[in-house]
Amino acid sequence: MRQVTVTEHLLLHQKESPMATGRFTSLLNELILSAKIISREVNKAGLVDVLGLTGEINVQGEAVRKLDEYANSVLIHRMQRAGVLCAIGSEENADLVEIPDHLPKGDYILIFDPLDGSTNIDANVNVGTIFSILKRKEKSECSARLCEVLQKGAEQVAAGYFLYGTSTMMVYTTGRGVHGFTLDPSVGEFLLSHPDIKTPEKGKIYSVNEGYWHYWDEATREVVDYFKNPALNGRGKPYSQRYIGSLVADFHRNLLYGGIFLYPADMQDPKKPKGKLRLMCEASPLAFICREAGGASSDGERDILDIEPSELHERVPLFIGSKKDVAMVEEIYRKHKR
Ligand code: P6P
C-alpha cells in the first residue's frame, strides 16, 4: 500500500468535505504531535523506576509523574496553543480548561480523555487517548461557554482515538468513513494502514466485566446471558468473552473483528447509577466512529449520539459495536420495560 500520511489522507479523501480546511488539519496535527509525545512516554513506562534510579527526568525537566496527568498536561499545553479552539474539556479536569486570553482562538471545541485505561499501564496493557471535536454554533472571538459545549454526539464534526499498544495507532472519522493509521517510528509519521474500516453486522465477541453480575438488574443479566447462550444468540455457540479493561483496546478489537462492548448501569455505587463511562469524552466519540463503521451504540434505550448532555462529565451506560448485537440489547431492555 502506498504510504499515505494523515494530512495527505485528509486532503485527498475529504477534499469536498468542510473538514479539509487548514484549521481542522492543523488541529489534527497538534493532536498527532501530542500523541507522539505521549506514546514515547507510555512506551518507556516500564522503565520509569529504572530510569528514576539514574535520576532521569522527562523532557519538560519535570520529575516523572503519573502518566495520565502527564498526558493531560501535554494535550492541554498543545491544544491551548492550536489557535483553532474556543473550548477544551478533559476527563481529568472538573471544568472546561481555560484558553489564556492572549492566545488565538477558533470555532472548534475539543473534548478528550487523555489516557483512558491508565491504571493498566504498570501491567503493560494497551491504553488510549479518545477525542471528540465539535463546533460552536455562534461565531465569536472569545472562549465558549459550557452551554455551547454541551452538544449531543450527533453534532460532532470529528472523533477518534490513539491506541498505545504493540504499535501506536490512530483511528478517526470526520463523517466520511473510519480510517486507521499506524505510527512508523522510523519516520515519525502515522501511515494509512486500515482504510475505510467496516465492522461486521453481527459479532462473535462480547466484552463486559462479569464481576458486577450481582450489581445488575434482571434485564442486564438477561442481556449478558444472551451472548453466552448458544440456544439464543443465533451462533449456536457462545460469543467469546474478551475483556482487557481498557476501553479503547476493547473497542478497537471489537471494531475490527465484530462484537459488542457493554458497560451497564450497576447498583455498586449509588453515585454512579448510570455506570462508569462518560458520555462526552468516551461514549459519544466512540459512537460516532462505530456508526461510521456500520455499527451502533446505545444506553440500552437511546442511540448514544442522540443523548443531550446535561453536564460535562455525565455518565451513561454503554452498549457499542456490531449493529445486530446492539439491537438485541435494546430489544431485551424494551421487553423488560413493558
Ligand atoms: P471496570 C479504565 O479505568 C476504564 O475507564 C475503561 O478504560 C475500561 O473499559 C473501564 O474503566 C473498566 O472498568 O469497572 O471493568 O474496571
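The shape of the stretch 164-296 comes out prolate: with a ≥ b ≥ c from the C-alpha gyration tensor, a/c is at least 1.5 and a/b beats b/c. Run the numbers for Lys228 and Arg334: contour at 0.36 nm per residue of separation, minus the present Cα-Cα distance, in nm. Once the chain is fully extended between Lys228 and Arg334, it gains 36.2 nm. In this calculation the C-beta distance from Cys147 to Leu33 is compared with R0 = 30 Å, giving a FRET efficiency of 0.45. Multiplying the residue separation of Lys272 and Arg221 by 0.36 nm and subtracting their alpha-carbon distance yields 16.5 nm. Since only Ile320, Pro264, Leu110 are under comparison, the one whose Cα sits farthest along the positive direction of the charge dipole of the chain, derived from C-beta charges on Lys, Arg, Asp and Glu, is Ile320. Counting only DSSP beta bridges with both residues in the stretch 205-337, the antiparallel share comes to about 70 percent. Here Glu155 and His214 are evaluated by their C-beta separation; at R0 = 45 Å the FRET efficiency comes out at 0.75. Within the shell of other residues whose beta carbon sits under 12 angstrom from the beta carbon of Glu138, the net charge comes to +2, with Lys and Arg scored +1 and Asp and Glu -1.
Here the contact order of the chain, divided by its residue count and restricted to Cα pairs under 8 Å and six or more residues apart, works out to 16 percent. Strictly over 21 Å apart at the Cα level, which of Lys204/Lys323; Lys204/Lys228; Lys204/Lys337 would you flag in this model? In this structure, Lys204/Lys337 exceed 21 Å between Cα atoms. If one puts a single equal scatterer on every Cα of the chain and applies the Debye formula without solvent, what log₁₀ I(q)/I(0) results at q = 0.14, 0.15 Å⁻¹? Normalising to I(0) and taking log10 leaves -1.14, -1.29.
Every number in this text was worked out from the coordinates using simple rules, so none of it is lab data. Every value quoted in this text rests on a predicted model; they were computed, and no experiment measured them. Glycine gets a Cβ as well: all are built from the backbone with ideal geometry, and neighbour counts include every protein chain shown.
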